[in-house]
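None of the figures in this text is laboratory data; all of them are computed from the coordinates on show. Note that this is a predicted model, so its numbers are computed, not measured. Cβ: placed from backbone, ideal geometry, glycine included. Neighbour counts: every protein chain shown.
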Ligand SMILES: Cc1cc2nc3c(=O)[nH]c(=O)nc-3n(C[C@H](O)[C@H](O)[C@H](O)COP(=O)(O)OP(=O)(O)OC[C@H]3O[C@@H](n4cnc5c(N)ncnc54)[C@H](O)[C@@H]3O)c2cc1C
Ligand code: SF4
C-alpha cells in the first residue's frame, strides 16, 4: 500500500482518484447505447469533476475541515455480480459497476485511515472515505428506486 | 341514535339553541355583545375552515372563513375545543345522502342529539329539522361474492363473481352524488363517475355503460385490474369517514351487464378519412389509440409481435384475475370497427419505424416494458429460475393452464419462491399454487406496508395459502449437480434510517443468511424496455433507462409523426395510465393530421 507522509500527498492521491473516476464515466458515456444514457454518464462525470475541484480547493487553501458524518450503506452492490465494462451496457449494469467502484474507494480510504501514522492523517482519510460512501449512496438510492421497482 | 319527535316538538321557530360537543361537552355557542353564533371547525379540501352558524332554529345563516358555494361538501366537521370529528359514521342525510355532523342540544333540561348535513345549501343544513325522515341508516360497502378459498386454487376461473343487480343498486345508493366530485379527479381518464352511478340508481344500466365508455374504452378490464384504491376510490368523499364507494366493482358490473345482455353496438363511422395509421403493440395503450383513430375515420393497422393481441392483458395478467374471453371480446369489437391486425410482426426486425412511415401517415409505438430485470446475483442462469415474464407468458399465452388440451411444457415446481412484492409477483405466486405446488413463498425485501401489490391481490394470495417472507432478500441461487436450482440463500433485511425524503431503505443484517429449499424460482422485480425497435431507429430519443422521450402534451417522439405511450414511455405502470397516454396521442395525432390536410387543401 502506498505510503503517505503529509496531507498534500494524500490529497494528490485522492485528486488522482477522482480524475480516474471522471475518465471512467466519460468512457462509459462515449460507449453509451442511447442519448439518454450518454447524458446520464456525463452528468455523473460532471459530479466527479466537482468532487475533484473541491479537493483541489482544499489543497490550495490548505484548510481541511470535511466533516466525518455517518452515511447509510444499503449494501446493494455487495451482493451483485458486475459485468466487465463494455460498449452498450445497460444503465442497470453501469450502476452496479459504479456502486462497486465507489465501495472500493471507500474501502481503500478506510484501510489507509486504519494504517495512518497520526491522528490528523487518519481523520483526513476517514473524511475521504465518507465522501466516497456518499457517492455510493447516491447510486444505491437510484438503483433501489428504479431497478428494484417490483411492479 | 334515533331522533324522537317528542324530543323536539316543543322547539319553536327561532328558538335559541345551546349546543354541546358530544365528546368534550364544551359548548359551540359564542356570544359577543349582540352577535351570537355557533362556532365549528369544518374541513374543506383538506384544510381547516372556521364555520359560524346561526344558533337559532330554522335560521339558515352561515358564514365561513373561505367562500363556499351551494353544493360544496365539507369533508369533516370538528369541535373547535377537542378537535374530534362530529360526523356520525352510521347515518347520512336523508335529503342528499351526504355525511352528517352530530351535536347535542339542550332544551327544556333535556339533552337531544341533533344532526346537520355537511353539504352547503342542503335544505337540512343548520340544525333545523330533526325528524327521522331526514336521516337514513348508512349502507355498508357491498363486497363482491367470491369463489371458495379452498376450491378456487384448483381452477383458473375468475375469483370474484361480480355484483348482482341488487348489490349494484345497493352500492350505487351509497354515492353522495357530489357536485364537486373528487373521484373524477382521481381517475386518470376522468370518467363521469357520479353520472354513471346515477344511471345505475335509476336502473338504467345501459345508460351507465354509455357514460363510462365516453371516457374509457375498456371498462370491463379496468373494472377488474385498475388500482382503484389509489385512484378514484382514494379520493371518494365517503372514504374520509367510512369505506369509499366501490367504483371499480360498479364499473365492472355495468360493462359485464352490457356485454352479457348483448347490448354492445358497433357504431357506424360516418367520416372516412383517406389516411392510414400504424399502431405497434396491442396492449391497452395501442388498443386505445386504435379505437380513437378508427372512430375519427382513419384506417388503422396494428402490428403485434405475438400471435395473440392484448399485450400484458393476455400474456401477463392471469385468467383467474382477467378472463381472456373479456379481452378477446374487446379486441373483436375493434376488429369489427375495422381494425386490421398483423400478428407475429416484430417491428424493428421485420419492418422498421422508417419503413412504416413510408406507408402510414403516423405511427404509434406502444410496445410496453417487456424486458425482464434480473438482480444480477450468482446462480440466475440455473435451470428453473424464470423471469416473471417468461413464467406468465408460458402459462397464459401458451395456455399451459389448459394442459393437456394445449401441450406446452409447464414450468413445474413443488416448492416455489417468487421474488418481489408487486402485482406481478402475486400473479406468479397465485399461478404457481394453481399448478399444484405444495409450498409457494413470496420473498420481499421490504416490510408488509411497502408491498406495492394491490391490497386485494395480497389478500387473495394469503387466502390461497401463499406464504410471505418479508424483509428478506436473495443473495444467491444454489444449484444441483445437474444445474437445476435447489435453494436460495437469503439475507434478512431491516429498514434503515429514514433518508432526506423520510423513506426508509432496507439494509441487510450481516450474518443473518438463511437457505430456503426450492425447486422453482420466479424473479418478479420489474421490467425494462426492450431495445429491438431502437436498434433500427437510433434517432428515437430515449432516457437513460431506455424509455422513449415524448412531448408530454402530445406524446409525440423526437421523430415527427411518431407517437409513443404506455409502459415504453413511463416504465412499468398501469393499464389505465397506458390508456390515458394512448388517448393523448390519438387526439394530438388527429389534430396534427387534420391541420396538415387543411394546409394541403388550401394550397391546392
Ligand atoms: C403480470 C402483470 C400484472 C399486472 N397487473 C396489473 C394490474 O392489476 N393493474 C394494472 O393497472 N396494471 C397491471 N399491470 C401493468 C399493465 O399491464 C401495464 O402497465 C400495461 O399493460 C401497459 O400497457 P402498454 O400498452 O404500454 O403495453 P403492453 O400491455 O406491455 O403491450 C405491449 C405489446 O407490444 C408488443 N410488442 C413489443 N415489442 C414489439 C415489437 N417490436 N413489435 C411489435 N409488437 C411489439 C408486445 O408483444 C405486447 O403485446 C400488470 C403487468 C403485469 C406484467
Ligand atoms: S363516488 Fe364518492 S366522490 Fe364520487 S360522487 Fe360518489 S360519493 Fe362523491
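Of note:
- Region B:24-65: projected area of the alpha-carbon convex hull, averaged over directions, in nm²: 3.8 nm²
- On Cα atoms only, tilt of B:205-215 relative to the major axis of chain B in degrees: 70 degrees
- Region B:316-463 shape via C-alpha gyration tensor axes, a/c threshold 1.5: prolate
- Region B:264-397 - convex hull of the alpha-carbon atoms, volume per residue in Å³: 116 Å³
- Take every DSSP beta bridge whose two residues both sit in chain B; close to 65 percent of them are antiparallel.
- When DSSP beta bridges are restricted to pairs lying wholly in region B:425-501, around 70% turn out antiparallel.
- Each 5 Å bin from zero holds the following percent of Cα-Cα pairs in region B:440-500: 4, 15, 20, 19, 16, 14, 7, 3, 1, 0.
- Alpha-carbon Debye profile of chain A, log10 I(q)/I(0) at 0.21 Å⁻¹: -1.35
- P(r) of region B:291-336 over all Cα-Cα pairs, binned every 5 Å from zero, in whole percent: 5, 19, 27, 23, 16, 8, 3, 0
- Ordering B:24-33, B:428-437, B:483-492 by mean Cβ neighbour count within 10 Å, with the highest value first, yields B:428-437, B:483-492, B:24-33.
- Kirkwood-based shape ratio for region B:203-259, expressed as Rg/Rh from alpha carbons: 0.99
- Cα convex hull, region B:374-525: 116 Å³ per residue, rounded to a whole number.
- Relative to the longest principal axis of the Cα atoms of chain B, the long axis of helix B:284-296 lies at roughly 80 degrees.
- Paramagnetic reach from residue A:19 (point 7 Å along Cα→Cβ, amide N under 18 Å) across region A:37-61: A:45-61
- Spin-label model distance (nm) - residue A:78 vs residue A:38, 7 Å beyond Cα toward Cβ: 3.8 nm
- The share of Cα pairs per 10 Å bin across the protein assembly as shown, counted from zero up to the longest distance, runs 2, 12, 17, 19, 18, 15, 10, 5, 1, 0 percent.
- Share, in percent, of DSSP beta bridges within the protein assembly as shown that are antiparallel, nearest 5: 65 percent
- Here the convex hull built on the C-alpha positions of region A:1-53 has a volume of 61 cubic angstrom per residue.
- Residue-averaged beta-carbon neighbours from other chains (10 angstrom radius) around B:192-199: 0
- Mean-position separation - Cα centroids, region B:14-93 and region B:444-463, in angstrom: 41 Å
- The tail of the calculated P(r) for chain B beyond 33 Å holds 56 percent of all Cα-Cα pairs.
- Kirkwood hydrodynamic radius (C-alpha pairs) into Stokes-Einstein, region A:98-151, 25 °C and 0.890 mPa s, D in µm²/s: 206 µm²/s
- From largest to smallest, the equivalent ellipsoid semi-axes obtained for region B:509-604 from the alpha-carbon gyration tensor read 42, 15, 11 Å.
- Listed peptides B:581-588, A:55-62, B:299-306 appear in the order B:581-588, B:299-306, A:55-62 once ranked by packing, highest mean of other Cβ atoms within 10 Å at the front.
- In degrees, nearest ten, helix B:423-434 long axis to first principal axis of chain B (Cα): 70 degrees
- For the peptides B:282-289, B:419-426, the ranking by packing is B:282-289, B:419-426, with the highest mean count of neighbouring Cβ atoms within 10 Å listed first.
- Compactness of region B:441-550 is given as radius of gyration and Dmax, 18.4, 49 Å, from Cα positions.
- Net length available on complete extension from residue B:462 to residue B:179 is 98.0 nm, with 0.36 nm assigned per residue and the Cα-Cα distance removed.
- Per-residue mean of foreign Cβ neighbours for A:32-39 is 6 (Cβ atoms of other chains, 10 Å radius).
- Using the Cβ-Cβ distance between residue A:134 and residue B:262 with R0 set to 56 Å, the FRET efficiency from 1/(1 + (r/R0)^6) comes to roughly 0.30.
- Distance from the alpha carbon centroid of region A:77-151 to that of region B:158-176 works out to 54 angstrom.
- Region B:156-260 - Debye-derived log10 I(q)/I(0), Cα point model, q = 0.22 Å⁻¹: -1.21
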